[in-house]
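Have a look at the structure below, then the notes.
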Amino acid sequence: MINIYERSPAINWGILVTALLIGISSIIYTNALVNRILAQEEKQISLFAKVQESLATAEQSENLNFLMEEIIASNNSIPVILTDENRQPIGSRNLEEPENVIEKKAFWLRTMAEMQQQHEPITLTLDSASNMRQYVYYENSPLVNQLRYFPYVQLTVILIFFSLVYSLFSYSRKSEQNRVWVGLAKETAHQLGTPLSSLIAWVEYLKADENVESEVVEELEKDVKRFETITARFSSIGSTPALKDENIKEILEECISYLRKRVSSKVSFMLHIKEDDLLLPINKSLFEWVIENLCKNAVDAMNAVGSIDIYVSHSRDDKNLLIDLKDTGKGIHKSKLKTVFRPGFTTKKRGWGLGLALAKRIVENYHKGKIFVFRSEIDLGTTFRIILPKK
Ligand SMILES: Nc1ncnc2c1ncn2[C@@H]1O[C@H](COP(=O)(O)OP(=O)(O)OP(=O)(O)O)[C@@H](O)[C@H]1O
Ligand SMILES: [Mg+2]
């Protein structure tokens, strides 16, 4: 088995897992960071509460006043609302609030409800004898909230970045393959061109020579024609081939008669098509190549004994032509239905694994159609379906 082009799926998974690991570790790290900041903020608030409490009870309030101002000044991020014992707000810090007094009150009450969901308010006992109290409501600083979302944003960015890099790589790999296909095909067509034209000239020369048996010349001419077809295929695949309305039945019949002479007589070919004059825009030399490749594979799959049936029908919406190529070969395993089209995938000793890749390229890139394994059963046979747009 040769797999010249196969890319390792392990590498793709490796990239994805790395991206996820980076993302997850950043989430864990940021969470730890958030928790530390939260703890610090809580400490700050409880200190604020303690001082507030002492301020009301202590005699030396001057020192404490100073402390309070320090704390309040140092808290320029944690939103706080202070209330009286009836939970009526009496002041706030670090909140963007409306100027209007009534609106401000409503805003405070709303914010207090939200704050309470995050943290239980701190109770200040101002006078233990009369049981006078105040409450401190507070919530996380905007910094903490932003930090919380940060790793998710980061993870998304990383994933977008990796998928971008991945698609860029696979695009460049594909276009590189494209260049190899096209370049090789062009070069082959070019190199075949010179001996071909001299062969054609030789055949003409021999035709005119009465000493040469006409049968020999005829055989020679057939081979030269074949040579011409092959050159036309290579030159078509190396450029953007023109599509022309062609008679599908005639082309398929030609393919079959060409193949019949070249494979075992134990392989029977049958063409099932109703219309004699069905025209379809195709590139003849490339389309024949596809049919030949599929038929050759079918013959290989049945060890040269069995039957190949070609059915031509129309899609339900009548926009496409369906060509089904059914064989009685050994079948393709379910897990390989897509893999068989990959360049380089072969199960044959002398295979290159290029036949189906080429067929796919011809059908999909040059004819805007589709080709896939329509049905396959082990030891019973396989049906390949080609869908070609009628316009
Ligand atoms: N009709 C079929 N039945 C069963 N297996 C098939 C059939 N057609 C293709 N395959 C499988 O798909 C593989 C790839 O086919 P493909 O035509 O691309 O390459 P190949 O025939 O092995 O070599 P190449 O066509 O380049 O000489 C084959 O090796 C075979 O295993
Ligand atoms: Mg093949």
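Conditions tested, residue by residue: (1) part of a loop (DSSP other than H, G, I, E, B); (2) aliphatic (A, V, I, L, M); (3) within 14 Å of ligand 2 (Cβ to nearest atom).
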position: Asp300; (1), (2), (3): no, no, yes
position: Val312; (1), (2), (3): no, yes, no
position: Lys326; (1), (2), (3): no, no, no
position: Ile332; (1), (2), (3): yes, yes, yes
position: Pro343; (1), (2), (3): yes, no, yes
position: Lys349; (1), (2), (3): yes, no, yes
position: Ile362; (1), (2), (3): no, yes, yes
position: Tyr366; (1), (2), (3): no, no, no
position: Asp379; (1), (2), (3): yes, no, no
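Here Gly353 meets the list (1) modelled with pLDDT under 95; (2) more than 9 Å from ligand 1 (Cβ to nearest atom); (3) not charged (D, E, K, R) almost entirely, failing just condition (2). Only one entry of Thr347, Thr328 meets the criterion of being closer than 25 Å to Phe269 by Cα, in contact (Cβ under 8 Å) with a residue 60 or more places away in the chain and either near ligand 1 (Cβ under 7 Å from one of its atoms) or hydroxyl-bearing (Ser, Thr, Tyr) (or both), and that entry is Thr347.
Being aromatic (Phe, Trp, Tyr) and touching a residue at least 40 places away in the same chain (Cβ under 8 Å) is the filter here, so list the residues in region 225-284 that pass it. Before you say what the answer is, go through the steps one by one.
Start the filter on region 225-284 by keeping residues that are aromatic (Phe, Trp, Tyr), which leaves 227, 234, 258, 269.
Passing the criteria: Phe234, Phe269.
Checking Ala359, Ala298 one by one, the residue that is near ligand 1 (Cβ under 10 Å from one of its atoms) and either more than 20 Å from Val267 (Cα to Cα) or outside the structural domain of Glu275 (by TED's automatic domain parsing) (or both) is Ala359 and no other.
Checking each residue in region 82-127 for being in a loop (DSSP other than H, G, I, E, B) and either farther than 28 Å from Ser54 by Cβ or without any contact (Cβ under 8 Å) to a residue 40 or more places away in the chain (or both) picks out Asn86, Gln88, Leu95, Glu96, Glu97, Pro98, Glu99, Asn100, Glu120, Pro121.
Would a scan of region 137-144 turn up a residue that is farther than 23 Å from Glu42 by Cα and modelled with pLDDT of 85 or more?
Quick first cut of region 137-144, residues farther than 23 Å from Glu42 by Cα only: none.
No, that holds for no residue.
Taking the listed residues Lys319, Lys336, the one that is of a type outside the set (Val, Ile, Thr), in the same structural domain as Lys274 (by TED's automatic domain parsing) and within 16 Å of ligand 2 (Cβ to nearest atom) is Lys336, with no other qualifying.
The values are calculated or read from the model by the stated rules, or taken from the named source; none is laboratory data. Quantities reported herein were computed from a predicted structural model and do not represent experimental measurements. All Cβ positions, glycine included, derive from the backbone under ideal geometry; neighbour counts span all protein chains shown.
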